[in-house]
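Quick notes on the structure that follows.
None of the figures in this text is laboratory data; all of them are computed from the coordinates on show. These figures come from a predicted structure and were not determined experimentally. Every residue, glycine among them, receives a Cβ derived from its backbone with ideal geometry; neighbour counts consider all protein chains shown.
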Amino acid sequence: MKRFIEQSFPVKEVSEESAREKNIRHGHISTLHIWWARRPLASSRATAYAALIPAPDDTEEWDMRRQFIINLSKWENSLNPVLIEKARRDVLEANGGEPLKVLDPFAGGGAIPLEALRLGCETYAGEYNPVAALILKCTLEYPQKYGAVIKEEGKEEGKWKDERGSMSKNPLLDDVKERGNWVLAETKKEIGRFYPEEDDGSIPVGYIWARTIPCQNPSCGAEIPLMRQFWLAKKENKKVALKPFVSNGKVEFEIVKNPDFEPAKGTVKGAIATCLVCGSTVDANTTRKLFREGKASQRMIAVVLHHPKRKSKTYRIATDDDLAVFKEAEKYLKDKRAKLMEEWGIDPVPDEPLPPKETLGFRVQRYGILKWGDLFNSRQKLALITFTEKVRLAYKKMIEEGYDEDYAKAVVSYLGLGVSRVADRNSSLSVWNNIAEKQEHTFGRQALPMVWDYAETNVIRGVQGWEKQFSYILSALQNLSPLTQISPVEVEDNER
Ligand SMILES: [Zn+2]
């Protein structure tokens, strides 16, 4: 039998849908966990369908099918009962009424098996990489196994009700949500004090840091704050920058609106640093050497504030008090890390080496950043090990409450994805996005280049904190659950 895709395919239209999908965030599986080569759902769905149905005989049907494929590929139709049911019937019919078996042996981010599943196929996914295996379990297996949408009594039939406004109950989603809230509440209880609120009720949502090196001019020796630029907010109607000045041989900063200098020009470019005190430069090799020899440091420059009653963010220069709180967090980390090391038998701060220099664009090793844990400052490390600890406790608690082990594992897997999202938004390689006024994620460039000035997140109450990150996971899960009518998917991984 000749398949549709062997003769025709609406390449242009499906490509457009695939490109458009890149801008869709809430509810998309890409928000569960970053994966480099995840295929768009639109093209995965359209190609799977076109490969599974026969080529039609007449031109009229050609046009109809093409139009159907274009509609089917649209993100908005991912849970459209009319279109999806029809697609499933077509696929089933083409295979003589027998559900097709689909195997994706290198399933990666899960787009292709998810779409095969959506089309009603009995789907199998394989992966070698443990991160991908976890993503696949959370994308394919757990929602099918446990995400059964239970229709509520007395409510209208609505098995395909999607996202918001769903009339059905979803126990997996409810449990993930509840345990996620518990993790946040427990973490807040323990380390919330390290992100103190301002007297006027403003919340510190970010801390701007700059790495520093000493000036190599023997008659100067001043600390050079390394900043690629000085903009904090660079919007049409809001221009705020850090303005450096020299006081008693030290570089200081003030916050200025509508700056009268060029904030785009920072103190470092291509690892060549300029001392603002004496004007001399440090060449790139020396800069890297200073980092490797442990002579570099970092300085908290500014605090980003958000008042719950005000729309716009404000900024202030970091003070000794801010630093004192940070130092306290550092001290607390030391004790907690030792305690957990004892308890878990491993260092809670990842001490595995980064891959070799230049692997996948990892270039931070030249600066003495050699282990995964080195990507985070002390308070960031504290936040991550505390979240991790709470996720482990959430599992323990579920077991104690009598939940099935596999189900508890499914629930906490989503919590683990939450920790991962927070880690991505809260490393010392998270750049401050001065247009959106928020932290960018570490893997924005699918590489790990050096970042001189970075933005730490308030993980408890910040705009990029747990609550926000976790909401993405809940939305994605909500969209995956209605596909449960199909036989469960098995993900094969190398851990069992
Ligand atoms: Zn100098």
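Overview of values
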quantity	calculated
Sequence of Cys275, Cys138, Cys220 once ranked by neighbouring C-beta atoms within 10 Å, starting from the fewest	Cys220, Cys275, Cys138
Efficiency of FRET from Cβ geometry, Arg25 and Thr59, R₀ 56 Å, rounded to 0.05	0.90
Likely footprinting exposure, Val277, Val246, fewest C-beta neighbours within 10 Å first	Val246, Val277
Tensor-based shape of segment 252-377 (alpha-carbon gyration tensor, a/c under 1.5 rounded, otherwise prolate or oblate)	oblate
Whole-angstrom gap from segment 5-52 to segment 180-226, using each part's C-alpha centre	40
Gain in span if fully extended, Glu343 to Glu16, counting 0.36 nm per residue against the direct Cα distance	112.5 nm
DSSP beta bridges in the chain [antiparallel fraction, %, rounded to 5]	85
Using θ = phi - 60° and Karplus 6.51 cos²θ - 1.76 cosθ + 1.60, couplings along segment 207-212 (whole Hz; Gly, Pro as x)	10, 8, 10, 10, 6, 9
In degrees, nearest ten, helix 59-73 long axis to first principal axis of the chain (Cα)	40
Cα-based reach from Lys86 at 30 Å (exclusive), listing lysines while leaving out same-chain residues under 8 positions away	Lys2, Lys12, Lys22, Lys74, Lys101, Lys137, Lys145, Lys151, Lys155, Lys159, Lys161, Lys169
Helix-derived mean residue ellipticity, 222 nm - over the chain, DSSP H n ≥ 4, -39500 (n - 2.57), to 500	-12500 deg cm²/dmol
No Cys partner within the rule (Cβ under 4.7 Å), the chain	Cys121, Cys138
Spread of Cα-to-Cα distances over 10 Å intervals beginning at zero, given as percent, for the chain	4, 17, 25, 23, 17, 10, 4, 1, 0
Likely footprinting exposure, Ile191, Ile224, Ile385, Ile34, fewest C-beta neighbours within 10 Å first	Ile34, Ile191, Ile385, Ile224
Rounded to 10°, Cα long-axis angle of helix 81-94 versus longest principal axis of the chain	60
Gained length - Asp351 relative to Asp200, 0.36 nm times residue gap less alpha-carbon distance	50.4 nm
Global form of segment 184-464, assessed from the alpha-carbon gyration tensor, a/c cut-off 1.5	prolate
Extension gain from Lys2 to Lys371, taking 0.36 nm per residue of separation minus the Cα-Cα distance	127.5 nm
Estimated distance in nm for a label pair at Arg363 and Asn285, the labels positioned 7 Å out from Cα along Cα-to-Cβ	1.8
Pair-distance profile P(r), taking every C-alpha pair of segment 1-129, with 10 angstrom steps and integer %	13, 44, 35, 8, 0
Cα gyration tensor shape of segment 414-469, rounded if a/c is under 1.5, else prolate or oblate by comparing a/b with b/c	oblate
Under 26 Å from Lys265, Cα to Cα: lysines that are on another chain or at least 8 residues apart	Lys234, Lys235, Lys238, Lys239, Lys243, Lys250, Lys257, Lys289, Lys295, Lys313, Lys438
Rounded to 10°, Cα long-axis angle of helix 378-400 versus longest principal axis of the chain	40
Total charge dipole magnitude, segment 184-464, about the Cα centre, Cβ charges on Lys, Arg, Asp, Glu only, Debye to nearest 20	820
For segment 431-469 versus segment 85-143, the gap between their alpha-carbon centres in whole angstrom	33
Residue among Met64, Leu226, Leu52 farthest towards the positive dipole end of the chain, charges placed on Cβ	Leu226
